[in-house]
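Participant: Following this message is one structure expressed as structure tokens.
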Amino acid sequence: AAARIGKIMYVHGGFHHSDMWAFHLEDLTWDRIHDSTDEGPGSRFGHTIVGYDNKIWLYGGNQWGENIRDKARSDVWFLDPNTEKANRKWRFIGDGGGIKEGSSAWPPVRAHHAAALDHMTAMMYVYGGLRCPDGPCSCREDTWQYDLKRNKWRQLSTGNNPTSRYSHSMVFWNDALYVFGGESMVPYMYHNEIKSLPLAKWTQDEL
């Protein structure tokens, strides 16, 4: 997963990796800012990170480990890369523990989803993803809004959802989410279209 803060791109995880690196976009150099460790979110893949308030925010994905039965997660963490390295630790925000799946208070577990950030409102949006428990894999088609300041989730609904999918891309621009590509399980297909999801309609519906 990758995110940019200012002139630095941060890269975290990937299968059995849990370290974080900073790529300086001006002089094209790398620094490892957090070593591999089982503390914090641990080794992750299929997760997302965004940069806000000079911190890296991580959501969901699969946790790597041979003894982990269900790898998918729905947890939120943040790390401040500007603190001294000795005190640079992941901070756990929450994982919806005790909230039943299907509740509108916290999204169900997922990996290979997409996330986009509205810097003006401090809202992170999450759409889609994949869940692979012991049985067949299934795609998510839900869309969620996460308030980074208040640690509060809200599920958004619209009659114009894209087909459920994973491994897609998504950006936020001009009060809308733009989703491109991805892969679906049912029906099994690859996507090559761009879907626009205006947030104004959601806001009106929710009010």
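Participant: Name every residue in the range 17-53 that is more than 28 Å from G128 (Cβ to Cβ), outside any strand (DSSP E or B) and of a type outside the set (S, T, Y), in order of residue number.
Facilitator: L25, E26, D27, L28, D35, D38, E39
Participant: Given the condition on the phi > 0 side of the Ramachandran plot, among the small types (G, A, S) and at pLDDT 95 or above, answer yes or no: does some residue in the range 48-60 qualify?
Facilitator: Yes.
Participant: Within the range 136-169, restricting attention to residues that are in a strand (DSSP E or B) and open to solvent by 20 Å² or more (accessible area, probe 1.4 Å), which residue is farthest from L79 (Cα to Cα)?
Facilitator: Among those residues, the one meeting the criterion is S138.
Participant: Moving to a separate point now. Of K89, K149, which residue is charged (D, E, K, R) and touching a Leu at 6+ places or on another chain (Cβ under 9 Å)?
Facilitator: After applying the criteria, what remains is K89.
Participant: Could I ask something else about it? Cβ contacts < 6 Å: first residue touching a residue at least 12 places away in the same chain (Cβ under 8 Å) and at positive phi, restricted to the range 160-172; second residue among the acidic types (D, E) and open to solvent by less than 50 Å² (accessible area, probe 1.4 Å), any location; separation 6+ or different chain. Result?
Facilitator: If the second residue must be among the acidic types (D, E) and open to solvent by less than 50 Å² (accessible area, probe 1.4 Å), the pairs left are S167/E183.
Participant: Consider the range 1-18. How many of its residues are surrounded by fewer than 19 Cβ atoms within 10 Å (Cβ to Cβ) and either in contact with a Pro (Cβ under 7 Å, 6 or more places away or on another chain) or modelled with pLDDT under 95 (or both)?
Facilitator: So the count comes out to 4.
Participant: So, one more: Search the range 121-135 for residues being free of Cβ contacts under 8 Å to residues at least 40 places away in the same chain and surrounded by fewer than 15 Cβ atoms within 10 Å (Cβ to Cβ), and hand back the single one that is farthest from W77 (Cα to Cα).
Facilitator: Keep residues of the range 121-135 that are free of Cβ contacts under 8 Å to residues at least 40 places away in the same chain, which gives 121, 123, 135.
Filter again for surrounded by fewer than 15 Cβ atoms within 10 Å (Cβ to Cβ), leaving 121, 135.
Working: T121: 19, G135: 28 Å.
Once the filter is applied, the top-ranked residue is G135.
Participant: Here's something else I'd like to know. Determine whether D118 is crowded, with 16+ Cβ neighbours inside 10 Å, modelled with pLDDT of 95 or more and among the charged types (D, E, K, R). Steps first, answer last, please.
Facilitator: Numbers: crowded, with 16+ Cβ neighbours inside 10 Å: yes; modelled with pLDDT of 95 or more: yes; among the charged types (D, E, K, R): yes.
Spelling it out, D118 is indeed crowded, with 16+ Cβ neighbours inside 10 Å, modelled with pLDDT of 95 or more and among the charged types (D, E, K, R).
Participant: Here's something else I'd like to know. Pairs only if they're at least six apart or on different chains, beta carbon under 6 angstrom, first in the range 94-106 and more than 19 Å from K149 (Cβ to Cβ) and hydrophobic (A, V, I, L, M, F, W, C), second part of a loop (DSSP other than H, G, I, E, B) and open to solvent by less than 80 Å² (accessible area, probe 1.4 Å); list them, first residue then second.
Facilitator: I99/A105; I99/W106
Participant: Looking only at the range 75-84, decide whether some residue is part of a loop (DSSP other than H, G, I, E, B), over 17 Å from the mean Cα position of the chain (by Cα), charged (D, E, K, R) and modelled with pLDDT under 95.
Facilitator: yes
Participant: Could you list all residues from the range 19-49 that are polar (S, T, N, Q) and open to solvent by 70 Å² or more (accessible area, probe 1.4 Å)?
Facilitator: Residues of the range 19-49 that are polar (S, T, N, Q), as a first pass: 29, 36-37, 43, 48.
Correct list: S36 only.
Participant: May I pose another question? In the range 69-83, is there at least one residue being hydroxyl-bearing (S, T, Y), out of contact with any Pro (no Cβ under 9 Å at 6 or more places or on another chain) and buried (at least 17 other Cβ atoms within 10 Å of the Cβ)?
Facilitator: First, pick out the residues of the range 69-83 that are hydroxyl-bearing (S, T, Y): 74, 83.
Still in the running and out of contact with any Pro (no Cβ under 9 Å at 6 or more places or on another chain): 83.
Imposing the further condition that a residue be buried (at least 17 other Cβ atoms within 10 Å of the Cβ) reduces the set to none.
No, because not a single residue in the range 69-83 is hydroxyl-bearing (S, T, Y), out of contact with any Pro (no Cβ under 9 Å at 6 or more places or on another chain) and buried (at least 17 other Cβ atoms within 10 Å of the Cβ).
Participant: Additional query: Is it the case that some residue within the range 62-73 is in contact with a strand residue (DSSP E or B) (Cβ under 8 Å, 6 or more places away or on another chain), within 24 Å of W106 (Cβ to Cβ) and in a loop (DSSP other than H, G, I, E, B)? So that I can check it myself, show each step before the final result.
Facilitator: Taking the range 62-73 first, the residues in contact with a strand residue (DSSP E or B) (Cβ under 8 Å, 6 or more places away or on another chain) are 62-64, 71-73.
From what's left, within 24 Å of W106 (Cβ to Cβ): 62-64, 71-73.
Still in the running and in a loop (DSSP other than H, G, I, E, B): 64, 71.
For the range 62-73, residues in contact with a strand residue (DSSP E or B) (Cβ under 8 Å, 6 or more places away or on another chain), within 24 Å of W106 (Cβ to Cβ) and in a loop (DSSP other than H, G, I, E, B): present.
Participant: When you scan the range 104-113, do you find a residue that is in a strand (DSSP E or B) and closer than 24 Å to Y52 by Cβ, even just one? Reasoning before the result, please.
Facilitator: Residues of the range 104-113 in a strand (DSSP E or B): 110-111.
From what is left, the residues that are closer than 24 Å to Y52 by Cβ are 110-111.
Scanning the range 104-113, I find at least one residue that is in a strand (DSSP E or B) and closer than 24 Å to Y52 by Cβ, so the answer is yes.
Participant: Is it the case that P187 is buried (at least 20 other Cβ atoms within 10 Å of the Cβ) and outside any strand (DSSP E or B)? Give the derivation first.
Facilitator: Working: buried (at least 20 other Cβ atoms within 10 Å of the Cβ): no; outside any strand (DSSP E or B): yes.
Taking the combined requirement at face value, the residue does not satisfy it.
The values are calculated or read from the model by the stated rules, or taken from the named source; none is laboratory data. On a predicted model such as this, the values are computed, not experimentally measured, just so you know. We place every Cβ from the backbone using ideal geometry, glycine too, and count neighbours over all the protein chains shown. The accessibility values were calculated without ligands, DNA or RNA, using every heavy atom of the protein model including side chains. Shrake-Rupley method; radii C 1.70, N 1.55, O 1.52, S 1.80 Å.
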